Amino acid sequence: MRCVAFMRNVNQGQRGHPSTVDIVAGFADAGCPDVQTFQSNGTILFDSDEPAEVVEGAEEAIAVRSGHERDILWIALADLVAIVDEHGAPHDSRGYEFTLHRGGTVDNRAPDAISLMTRARCEIVDAGPGWALVRNDVDGQGNATPVLERLTGDRATSRGLPTILRLVARFGSPAG
């Protein structure tokens with residue numbers, strides 16, 4: 001199965017962050033020697049029948065290799081493609097973020113979610129198991145990660161929807 005992993009708080013090539021070499025080698029140590037990094041934000045494509053185990057092993061291996069611990073969350077590429085297909089490309093995708101988290105499916109109609117979204121000036125447009133699509137009301141703000149972390153009580157990590165659209169365009173087809 002083709003999967004997409006999001007490392008939390010990574011800017012490859014910057015001091016204090018795992019390098020691309022460490023990330024690729026960490027996934028190889030975890031049993032996936034043929035990964036592809038996408039951009040420099042810790043987005044990785046990999047193939048595995050046991051993605052949760054690979055990600056857990058990669059987290060450990062990358063921490064040992066780089067000295068920098070980072071959470072890694074993942075989604076099946078086919079699921080990501082289906083989410084993009086369902087929502088299409090919003091007229092202005094710049095205000096949207098796609099977030100992975102470990103908290104099940106978030107109910108965007110729950111009073112605590114509505115209250116938090118109102119304060120953060122964003123809206124959870126859709127959500128499923130371990131993911132949410134968030135629209136920010138203020139240009140240049142990215143509130144998806146903190147909102148999802150507050151709602152789930154666990155780590156989350158986001159990518160701007162333009163990044164997701166480019167990733168799906170490049171790798172989402174069977175030949176990708």
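The values are calculated or read from the model by the stated rules, or taken from the named source; none is laboratory data. Bear in mind the structure is a predicted one, so any value in this text is a computation, not a measurement. Reconstructed Cβ throughout: ideal geometry from the backbone, glycine too, with neighbour counts over all protein chains shown. What goes into the accessible areas is simple: the full protein's heavy atoms, side chains included, and nothing from ligands, DNA or RNA. Shrake-Rupley method; radii C 1.70, N 1.55, O 1.52, S 1.80 Å.
Relative to a virtual label point 7 Å from the Cα of Ala78 in the Cα→beta-carbon direction, which members of region 15-59 show backbone nitrogen distances below 16 Å?
Backbone N within reach: 46-52.
Which parts of region 60-90 would a label at Ser19 reach, counting a residue when its backbone N lies under 11 Å from a point 7 Å out along Cα-to-Cβ?
66
Quickly work out the His87-to-Met1 label distance, labels modelled 7 Å from Cα along the C-beta direction, and quote it in nm with one decimal.
2.1
Report P(r) for region 82-176: all Cα-Cα distances, bin width 10 Å, range 0 to the bin holding the largest distance, values in whole percent.
17, 51, 27, 5, 0
Translational D (Stokes-Einstein, µm²/s) of region 5-49 at 10 °C and 1.306 mPa s when Rh comes from the Kirkwood sum over C-alpha pairs?
Working: Rh = 10.5 Å.
Estimated via Stokes-Einstein, D reaches 151 µm²/s.
If you take the charge dipole of region 1-129 about its Cα centre, with +1 on Lys and Arg Cβ and -1 on Asp and Glu Cβ, which of Leu80, Leu100, Phe27 is farthest toward its positive end?
Of Leu80, Leu100, Phe27, it is Leu100.
Would you kindly derive the ³J(HN,Hα) couplings of region 116-125 from the backbone phi angles with the Karplus curve 6.51 cos²θ - 1.76 cosθ + 1.60 (θ = phi - 60°), listing them in order in whole Hz, with x for Gly and Pro?
Whole-Hz 3J(HN,Hα) from phi for region 116-125: 5, 4, 4, 5, 7, 6, 8, 9, 7, 6.
Please work out the average accessible area per residue across the chain, using the 1.4 Å probe convention, and give it in Å².
For the chain, the per-residue accessible area is 50 Å².
Exposed loop trypsin sites (Lys or Arg not before Pro) only (DSSP loop, at most 15 other Cβ atoms within 10 Å): please give the longest stretch of the chain free of them, not including the sites.
Excluding the exposed sites themselves, the longest stretch runs over 16-101.
Quick one: with all protein chains in place, what share of the accessible area of the chain is carbon or sulfur, to the nearest percent (1.4 Å probe)?
Working: 3990 of 8720 Å².
Summing carbon and sulfur atoms, their accessible area is 46 percent of the total for the chain.
What is the Cα coordinate range of the chain on the first, second and third principal axes, sorted by size from largest, in whole angstrom?
Its Cα atoms span 43, 35, 28 Å along the three principal axes.
Please compute the length gained on full extension between Asp112 and Glu50, using 0.36 nm multiplied by the number of residues separating them and subtracting their Cα-Cα distance.
Residue separation times 0.36 nm, minus the Cα-Cα distance, leaves 18.9 nm.
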